[in-house]
């Protein structure tokens with residue numbers, strides 16, 4: 001689906017704050033500025049933050065700001081969702097809908113092949129898409145991901161379009177190389193891991209991947225081949241889940257596959273632990 005510029009219709013609240021500014025019935029810059037602040041507040045955009053981050057907003061006509069909201073709303077985003085996005089990225093408030101935002105929406109529709117229902121989901125999950133260049137960021141990232149195997153039924157979807165805002169050279173490639181070198185896997189083996197668990201490409205090497213590999217190899221004495229079978233290991237908290245559960249298993253001399261150790265709830269894990277201990281006692285009797 002190709003997106004097109006939508007007609008500009010002021011939101012209902014503006015009738016209460018003299019929508020004549022849209023018709024040019026007043027040239028009072030102070031009044032126009034106050035109405036702009038009221039508009040932003042009604043949208044739940046912090047005007048002070050927005051003006052600090054985007055000084056151009058001060059001189060921008062409210063009609064241009066409204067055109068941004070109108071286009072984003074046309075995708076199916078609710079007004080609160082639009083306000084949240086504009087508050088996160090105030091530079092969008094003075095962007096050109098046709099040259100800045102439409103190319104991103106058309107990319108999601110025509111090249112990622114997201115449905116009309118999935119486009120707003122994708123934007124809500126990763127608003128940074130809207131401030132990313134199609135030519136210099138999104139399209140190169142998509143091409144790289146496809147070389148890893150994000151094609152067919154594993155193609156990039158609304159659930160993982162966040163990967164598209166990552167720099168190929170500065171972010172994605174270093175993570176792939178770490179998994180190759182740190183685990184001794186081939187590029188094909190790593191590719192299968194990240195396709196199975198795309199979140200791997202969103203984790204920090206220093207704060208997530210490296211410490212968990214080190215703990216798994218040195219403390220758990222694990223076989224790295226198990227990480228190929230269960231790459232979701234990296235999605236669990238090292239301090240809150242991996243270390244405590246490993247400690248309990250070690251204290252009771254129990255061996256358990258990573259997937260069984262981590263995927264179950266705390267209650268289920270503790271129940272299994274009791275059952276395994278009872279079986280161990282029964283075998284000794």
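The values are calculated or read from the model by the stated rules, or taken from the named source; none is laboratory data. Note that this is a predicted model, so its numbers are computed, not measured. In this analysis, Cβ positions are derived from the backbone assuming ideal geometry, glycine residues included, and neighbour counts consider all displayed protein chains.
For residue 267, state whether it is more than 30 Å from residue 161 (Cα to Cα), surrounded by 13 or more Cβ atoms within 10 Å (Cβ to Cβ) and at pLDDT below 95. Step through it out loud before you land on a result.
On the way: more than 30 Å from residue 161 (Cα to Cα): yes; surrounded by 13 or more Cβ atoms within 10 Å (Cβ to Cβ): no; at pLDDT below 95: yes.
Considered against the rule, which asks whether it is more than 30 Å from residue 161 (Cα to Cα), surrounded by 13 or more Cβ atoms within 10 Å (Cβ to Cβ) and at pLDDT below 95, residue 267 comes out as no.
Suppose we filter 183, 172, 200 for residues that are crowded, with 16+ Cβ neighbours inside 10 Å, more than 23 Å from residue 109 (Cα to Cα) and modelled with pLDDT under 95; which single one remains? Write out each step before concluding.
Numbers: 172 fails: modelled with pLDDT under 95; 200 fails: modelled with pLDDT under 95.
Being crowded, with 16+ Cβ neighbours inside 10 Å, more than 23 Å from residue 109 (Cα to Cα) and modelled with pLDDT under 95 holds for just one of 183, 172, 200, which is 183.
Which numbered condition trips up residue 158, out of (1) in contact with a helix residue (DSSP H, G or I) (Cβ under 6 Å, 6 or more places away or on another chain); (2) assigned to a helix (DSSP H, G or I)?
Here residue 158 clears every test but (2).
A quick yes/no check of all residues on (1) part of a helix (DSSP H, G or I); (2) outside the structural domain of residue 197 (by TED's automatic domain parsing); (3) in contact with a helix residue (DSSP H, G or I) (Cβ under 8 Å, 6 or more places away or on another chain); (4) free of Cβ contacts under 8 Å to residues at least 12 places away in the same chain:
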{"position": "98", "(1), (2), (3), (4)": "yes, yes, no, no"}
{"position": "102", "(1), (2), (3), (4)": "yes, yes, yes, no"}
{"position": "109", "(1), (2), (3), (4)": "yes, yes, yes, no"}
{"position": "121", "(1), (2), (3), (4)": "yes, yes, no, no"}
{"position": "137", "(1), (2), (3), (4)": "yes, no, yes, no"}
